[in-house]
Amino acid sequence: MQYVIVGAGPSGVTAAETLRTADPDATVVLVDGEKDPPYGRMAIPYFLIGKVPEEGVYLRKAENHFENLGIKYIQARATGVSLDNNTLTLDSGETVAFDKMLVATGSHPIKPPIEGLDRPNIHHCWTLEDARNIAAIAGEGVDVVLMGAGFIGCIIMEALALSGANLSVVEAEDRMVPRMMDQNAGNMIKDWCIAKGVNVLTSARVTSVDEADGKLAVNVDNGDVIKADLVVVATGVRPNADFLEGSGVEMEAGIKVDNHLKSSLDNIYAAGDVAQGPDFSTGEWSVHAVQPTGVEHGRVAALNMAGKQVDYRGSLNMNVLDTLGLISCSFGLWQGAEGGESAVKLDTRNFRYTLLNFDGDQLVGALLIGRTDGIGVIRGLIQTRVNLASWKERLMADPNLLVEAYIDCTRG
């Protein structure tokens with residue numbers, strides 16, 4: 001049996017290592033489309049602010065790690081696949097045969113159709129090479145504009161702000177982190193950032209980027225012109241799946257997979273950001289582009305490729321974000337369940353917010369701002385579907401009693 005894993009991020013590396021253990025006699029090939037050794041994107045902000053050296057973002061630190069495990073490691077980008085003879089074509093001209101293939105190619109950043117984004121000193125912050133380019137410019141007193149204040153944008157924002165840059169953030173939606181925060185939470189994060197010296201514009205769009213007086217001139221649709229030495233673009237991503245065009249693999253927001261992480265074709269699986277997998281909360285299919293989901297995808301996909309028949313129960317939409325010292329979290333159906341009830345505790349002065357969303361007597365979603373004590377509790381209550389009927393009335397009056405409710409309702 002020859003397994004080929006395309007993509008060497010957390011999903012692909014986990015899958016390769018799992019396959020080596022689950023099927024010791026098989027051939028395992030790991031194809032990495034990047035020039036650098038496998039690394040974790042979530043560690044890039046720490047590299048940007050000098051908390052870790054470049055090697056600190058690598059997923060595996062030992063020299064010859066894959067070779068020592070008997071995993072063939074190839075640095076080349078996948079350009080096509082033939083299902084007539086089960087081969088993967090690489091940009092090096094090489095073809096690799098496979099019996100089963102896992103696609104773990106992640107995503108790539110979207111470049112919006114804005115005039116002037118091809119100018120020098122305008123970068124995404126997605127790859128390690130992007131981070132090198134940004135780190136070479138950003139620093140104390142440097143004028144920086146960040147386009148986008150989503151989850152990834154806010155992680156980058158913190159690194160840029162901590163570098164000492166004069167930072168302006170332009171977000172098209174009406175609040176920060178709009179895909180994981182409601183109006184209360186998103187505006188609370190905005191107010192926190194402004195208090196920390198970051199200029200944040202919401203409901204604003206960059207219309208073009210010019211040059212003036214030796215700097216970039218970022219034009220905003222509210223009439224502002226922001227001068228910058230550096231522009232960082234964080235306006236969304238798309239799955240890396242073009243090489244599968246014409247293969248017959250079913251795709252929507254990503255490669256659609258079942259609860260074994262198998263695609264519409266029996267010998268092709270998908271994991272991580274490129275996979276549109278089962279959603280624990282909705283029972284439908286979603287892309288949850290966070291590292292814990294990617295790692296679990298890789299593990300479960302590999303076991304199923306090796307014939308172990310392991311069911312994936314679905315990923316929980318969960319994000320935890322540290323924005324210049326303010327912790328924010330979203331879980332599950334944070335927007336609420338149809339016909340459900342919500343409990344709210346809002347303290348804007350002290351930057352604290354608790355929102356619990358119920359479907360009947362079960363907790364199905366939540367938002368937290370300014371507190372970390374309930375993160376594990378909320379995740380446990382949602383994933384185990386604990387019946388909270390005996391505490392529901394008290395939680396509706398004060399959602400901050402959640403830890404007490406958890407202890408009481410899960411006591412053996």
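Listing for the model above:
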read-out	value
Leading residue by the ranking (nearest to I114 (Cα to Cα)) among those in region 155-194 that are buried (at least 17 other Cβ atoms within 10 Å of the Cβ) and among the basic types (K, R)	R175
Number of the condition not met by I378 [criteria: (1) touching a Phe, Trp or Tyr at 6+ places or on another chain (Cβ under 7 Å); (2) within 13 Å of D182 (Cβ to Cβ); (3) hydrophobic (A, V, I, L, M, F, W, C)]	(2)
Residues of region 137-149 satisfying the condition of being among the charged types (D, E, K, R) and either under 24 Å from G33 (Cβ atoms) or not in a loop (DSSP other than H, G, I, E, B) (or both)	D143
Residue list for region 248-274, restricted to those being small (G, A, S) and in a loop (DSSP other than H, G, I, E, B)	G248, A253, G254, S263, S264, A271
Filtered residues of region 62-86 (kept if more than 21 Å from V13 (Cβ to Cβ), surrounded by fewer than 17 Cβ atoms within 10 Å (Cβ to Cβ) and in contact with a strand residue (DSSP E or B) (Cβ under 9 Å, 6 or more places away or on another chain))	T79, G80, S82, L83, N85
Residue within region 293-301 that is surrounded by fewer than 21 Cβ atoms within 10 Å (Cβ to Cβ) and outside any helix (DSSP H, G or I) present	no
Residue in region 271-280 that is touching a Cys at 6+ places or on another chain (Cβ under 9 Å) and not polar (S, T, N, Q) present	no
Criterion: touching a residue at least 40 places away in the same chain (Cβ under 8 Å), outside the structural domain of E296 (by TED's automatic domain parsing), within 29 Å of S263 (Cβ to Cβ) and assigned to a helix (DSSP H, G or I) - qualifying residue of I152, I134	I152
Tally, over region 143-164, of residues that are among the aliphatic types (A, V, I, L, M) and over 14 Å from V218 (Cβ atoms)	9
Hits in region 126-140 - residues which are closer than 24 Å to A76 by Cβ and out of contact with any Leu (no Cβ under 6 Å at 6 or more places or on another chain)	W126, T127, L128, E129, D130, R132, N133
Residues (farther than 19 Å from P109 by Cα and either assigned to a strand (DSSP E or B) or of a type outside the set (A, V, I, L, M) (or both)) located in region 159-179	S163, G164, N166, L167, S168, D174, R175
I49 being within 30 Å of E158 (Cα to Cα), in contact (Cβ under 8 Å) with a residue 12 or more places away in the chain and either surrounded by fewer than 21 Cβ atoms within 10 Å (Cβ to Cβ) or assigned by TED's automatic domain parsing to the domain that holds A131 (or both)	yes
Candidate set: region 195-218, residues that are part of a strand (DSSP E or B) and buried (at least 18 other Cβ atoms within 10 Å of the Cβ); chosen: the one farthest from the chain's Cα centre (by Cα)	L216
Residue within region 63-76 that is within 20 Å of V249 (Cα to Cα) and touching a residue at least 24 places away in the same chain (Cβ under 8 Å) present	no
Residue in region 229-241 that is without any contact (Cβ under 8 Å) to a residue 40 or more places away in the chain and either surrounded by fewer than 17 Cβ atoms within 10 Å (Cβ to Cβ) or over 15 Å from A149 (Cα atoms) (or both) present	no
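Per-residue answers, yes or no, for (1) basic (K, R); (2) modelled with pLDDT of 95 or more; (3) over 28 Å from the mean Cα position of the chain (by Cα):
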position: T354; (1), (2), (3): no, yes, no
position: Q362; (1), (2), (3): no, yes, no
position: R371; (1), (2), (3): yes, no, no
position: Q383; (1), (2), (3): no, no, no
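The values are calculated or read from the model by the stated rules, or taken from the named source; none is laboratory data. Just so you know, these numbers come straight off a predicted model, no measurement behind them. A quick note on method: Cβ atoms are made from the backbone with ideal geometry, for glycine too, and the neighbour counts reach across all protein chains shown.
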